[in-house]
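Here is the structure we will look at, set down as structure tokens.
The values are calculated or read from the model by the stated rules, or taken from the named source; none is laboratory data. Here the structure is a predicted model, which is why all the values come from computation and not from measurement. Cβ coordinates were reconstructed from backbone atoms using ideal geometry, including for glycine residues, and neighbour counts include every protein chain displayed.
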Amino acid sequence: MPDRPTVVTVLIPLPLFYNADEKGRREPVEDEKFVMTAEEIAMELQEGGTMHVFRDAKPLGFWWNEGIVERDVHALLEVDVPDTAAVRAWLKSYARDVLLKRFHQKAIYLKFVGPIERLVVTDEAVVGDETELKE
């Protein structure tokens, strides 16, 4: 069996609201921007993931910006990807060239967690990275 790259989970917190305008108002980010982002990443990397959009119990993100602690309310895109230099380079470019503009942000945070082990459970078989078990 050929060696496969290690798999990592990439966590991408995305703001539910745009940064404040000159009057201090924060408008909500349109839902289709989250869907578009998840679909673009899935199509490019041929991988799947989960979009967590927290409408009620909102996770807060904190970051330091020129002496001020900024706070954002986030959705969280989670995607499992091969841990390769090419994938990391694509994600970095995508965050810089697409996500910064789409979500009107000064920075986009990408967190790589892993390596991970994946297990896909279906009604026919249990398939993992290394083994396949038949019922």
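Numbers at a glance
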| item | result |
| --- | --- |
| Number of positions in region 1-49 that are assigned to a loop (DSSP other than H, G, I, E, B), surrounded by 12 or more Cβ atoms within 10 Å (Cβ to Cβ) and touching a residue at least 40 places away in the same chain (Cβ under 8 Å) | 6 |
| Complete set of residues in region 109-123 that are surrounded by 13 or more Cβ atoms within 10 Å (Cβ to Cβ) and of a type outside the set (A, V, I, L, M) | 109, 112, 114 |
| Considering residues of region 117-132 that are under 27 Å from the mean Cα position of the chain (by Cα) and not acidic (Asp, Glu) only, the residue modelled with the lowest pLDDT | 126 |
| Hits in region 69-108 (condition: under 23 Å from residue 6 (Cα atoms), in contact (Cβ under 8 Å) with a residue 24 or more places away in the chain and loosely packed, with under 14 Cβ neighbours inside 10 Å) | 84 |
| So residue 98, is it within 16 Å of residue 15 (Cβ to Cβ) and at pLDDT 90 or above | yes |
| Selection from region 1-54 of residues that are under 21 Å from residue 111 (Cα atoms) and polar (S, T, N, Q) | 6, 9, 37, 46, 50 |
| Hey, residue 90 at pLDDT below 95 and either of a type in the set (A, V, I, L, M) or not in a loop (DSSP other than H, G, I, E, B) (or both) or not | no |
| Failed item, numbered, when residue 53 is tested on (1) among the β-branched types (Val, Ile, Thr); (2) out of contact with any strand residue (DSSP E or B) (no Cβ under 6 Å at 6 or more places or on another chain); (3) modelled with pLDDT under 95 | (2) |
